[in-house]
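Student: Pasting a structure here, questions to come.
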Amino acid sequence: MGLTSPQISTSIKAGARLSLTVTILLSVFPVSLRSAVKIEESVLESTPKKSEIIIGYSHPDSIVSRMASLPLHAVEGLWRFASEGTLMAIERNSPEPADPYNTQASVYRMIIVRGADLSLRPGTVMGYLTTTAKRGVYDARIYTSRLDNGTTLSSPRTFTVTLTDSDSRLNISDYGKSLRFNWWRLLPYMYRHIFTRKEKSPGDIKGCFRVFPAPSIPVEPRYL
């Protein structure tokens with residue numbers, strides 16, 4: 001059965017009101033939606049696609065002296081990769097803001113001090129960290145490849161970095177898989193990937209141990 005003229009007129013008016021309502025909502029909410037996206041987005045989403053080189057990281061002693069004069073955060077310091085010996089510094093990307101109510105999240109740089117592969121210069125940024133809601137757990141973007149020039153890292157990927165053993169060790173993981181750090185894969189043209197993933201079994205955690213500040217738990221306990 002077809003609609004009568006009054007019914008058609010009523011439907012048209014209802015449709016017009018609905019269209020007006022939708023138009024008003026669309027004109028109001030995009031700003032809110034954009035704000036929500038901005039809040040949800042990690043500060044690491046703007047990580048540079050290629051690594052940069054920071055001056056002042058050629059001499060470990062000078063790095064230690066600088067760090068000793070500063071109030072360090074838990075993750076800051078000098079770290080050594082347990083499997084192959086690369087020395088890495090973790091420091092804030094910028095000074096702590098003076099305003100205690102500043103909403104900007106802390107960002108840290110992972111910087112090579114002495115690499116097992118000597119073609120990578122001291123001061124090369126290998127990744128970035130930022131805090132999460134859980135203490136000792138950090139969201140990270142770490143470069144996983146190198147360019148053909150042999151000295152520039154590229155392809156940042158998402159990882160989780162976790163402090164363990166009273167902040168004396170650092171575990172780098174990729175969503176349930178441990179990370180094996182292979183500096184020998186940095187040889188140009190032969191291998192392109194710095195990291196390889198392997199299934200993580202209990203007690204088989206790959207990462208770093210703290211060099212400075214001196215860890216509260218020794219890397220190798222001494223027994224009397």
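The values are calculated or read from the model by the stated rules, or taken from the named source; none is laboratory data. No experiment lies behind these values; they were computed from the predicted model shown. Areas reflect the complete protein model, heavy atoms only, side chains present, ligands, DNA and RNA absent. Shrake-Rupley method; radii C 1.70, N 1.55, O 1.52, S 1.80 Å.
Student: Excluding ligands and nucleic acids, what accessible area in Å² is computed for residue 162 using a 1.4 Å probe, to the nearest 10?
Tutor: About 30 Å², rounded to the nearest 10.
Student: Rounded to the nearest 10 Å², what accessible area does residue 120 have for a 1.4 Å probe in the complete protein model?
Tutor: 10 Å²
Student: Can I ask one more? At 1.4 Å probe size, put 109, 169, 114 in order of accessible surface, largest to smallest.
Tutor: Details: 109 40, 169 75, 114 150 Å².
So, going from the largest accessible area down, we get 114, 169, 109.
Student: Compare 45, 91 by solvent-accessible area with a 1.4 Å probe and give them largest first, with all protein chains kept in place.
Tutor: The most accessible residue leads, giving 45, 91.
Student: Output wanted: per-residue J couplings in Hz (rounded whole) for segment 150-157, from phi through Karplus 6.51 cos²θ - 1.76 cosθ + 1.60, θ = phi - 60°, x for Gly and Pro.
Tutor: Going residue by residue, I get x, 10, 10, 8, 8, 6, x, 10 Hz, with x marking Gly and Pro.
Student: In what sequence, largest accessible area first, do 139, 165 appear using a 1.4 Å probe?
Tutor: The ordering from most to least exposed comes out as 165, 139.
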